[in-house]
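Enquirer: Let me begin by handing over the structure; questions about it come next.
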């Protein structure tokens, strides 16, 4: 199999598509397949990517220094060039990569596989008001009507067109499959759910509770409005003996920092910034509870990693979270997004009944071993070749 993987980011850049693209390229190459990577790259990553390309002769990139439009045209041209020798084009998003790749494939006519891990039109609708005003959740975003801005309407049309041009669509959760069927109006038979994996070997060290006099909560994610970090801070600030650490970076960083500083919460609530994977795992091993208050999640790697560390979890009923925790909360606790009262109740209960929740954490740890790399690669390989 000759495979061209089209992605928007690739290591040393950080993010799910970067990690996933590198993993599958390495694993499929080890199985004898010919794999090439095409990615966007910032100036800071180009030297390292060139070294990687010299080592593997399999990585090509389009510079992010080009303005939008020119950048996408360059990506289109690279897909045309690299796609000639490919049997399959495997695309990692439906807009920035998917659109130029789908256009190129109108000429190439190769097998075109799309991976959908989110809804770009909805994400942009959340950002269009400068992160201040609330907009619909992803579930409320559909059925789609042309009542948004021109930009959002256009993005929806683009991602929908790319999905319809795909021969097959892969999603990491049944929740996203439902969004594609009900929201994007894509046929069910075209969509295959393959759960993401993660590096279990780095995540199975036994969980160690924090010091006895405090209850330490950890949350991890990009600092964007729909992750609900401002709500979590507002809850924790008035809870005695409870501390909160937030790992991540993003456009809401200054606003969150300002709020913590103005309320003099620095000893109780800490923004840790972006940390490396090993440091995140260490923080999980030291915490007492992992909380994720998010309006949307495809299938969360950080929840899987928290579970693998034996850390009790409390997460919102959003996206694929329920698939991980269990509808009946067999492997953790669920709450409605941004419901301050319920979130606070969950935290208090988990602080006062640690034995109950450690039992759930044990079940969760056993559960996540089903998300191993070998299983994911086998399913992916079969679906790419089928």
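Enquirer: For segment 294-315, what are the residues that are touching a helix residue (DSSP H, G or I) at 6+ places or on another chain (Cβ under 7 Å), in contact (Cβ under 8 Å) with a residue 60 or more places away in the chain and in a helix (DSSP H, G or I)?
Expert: 301, 304, 305, 306, 307, 308
Enquirer: Can you name every residue in segment 298-315 that is under 15 Å from residue 232 (Cβ atoms) and at pLDDT below 90?
Expert: 302
Enquirer: Among (1) out of contact with any helix residue (DSSP H, G or I) (no Cβ under 6 Å at 6 or more places or on another chain); (2) more than 20 Å from residue 172 (Cβ to Cβ); (3) touching a residue at least 24 places away in the same chain (Cβ under 8 Å), there is one condition residue 352 misses while meeting the rest; what is its number?
Expert: (3)
Enquirer: Restrict the check to segment 35-50 and report whether at least one residue is within 23 Å of residue 118 (Cβ to Cβ), modelled with pLDDT under 95, out of contact with any strand residue (DSSP E or B) (no Cβ under 9 Å at 6 or more places or on another chain) and assigned to a helix (DSSP H, G or I).
Expert: Within segment 35-50, none of the residues are within 23 Å of residue 118 (Cβ to Cβ), modelled with pLDDT under 95, out of contact with any strand residue (DSSP E or B) (no Cβ under 9 Å at 6 or more places or on another chain) and assigned to a helix (DSSP H, G or I).
Enquirer: Restricting attention to segment 361-386, and to residues there that are touching a helix residue (DSSP H, G or I) at 6+ places or on another chain (Cβ under 7 Å) and outside any helix (DSSP H, G or I), which single residue is surrounded by the fewest Cβ atoms within 10 Å (Cβ to Cβ)?
Expert: Once the filter is applied, the top-ranked residue is 372.
Enquirer: Just to be sure before I move on: is residue 363 within 29 Å of residue 192 (Cα to Cα) and touching a residue at least 12 places away in the same chain (Cβ under 8 Å) in the structure I sent?
Expert: yes
Enquirer: Can you name every residue in segment 317-344 that is surrounded by 21 or more Cβ atoms within 10 Å (Cβ to Cβ) and within 21 Å of residue 198 (Cα to Cα)?
Expert: 318, 319, 320, 321, 324, 325, 331, 332
Enquirer: Oh, and also: Of all residues in segment 316-351, count the ones that are closer than 22 Å to residue 233 by Cβ and either not in a loop (DSSP other than H, G, I, E, B) or not assigned by TED's automatic domain parsing to the domain that holds residue 294 (or both).
Expert: Result for segment 316-351: 17.
The values are calculated or read from the model by the stated rules, or taken from the named source; none is laboratory data. Everything numeric in this text was worked out from a predicted model, so none of it was measured. FYI the Cβ positions are ideal-geometry reconstructions off the backbone, even for glycines, and counts take in every protein chain you see.
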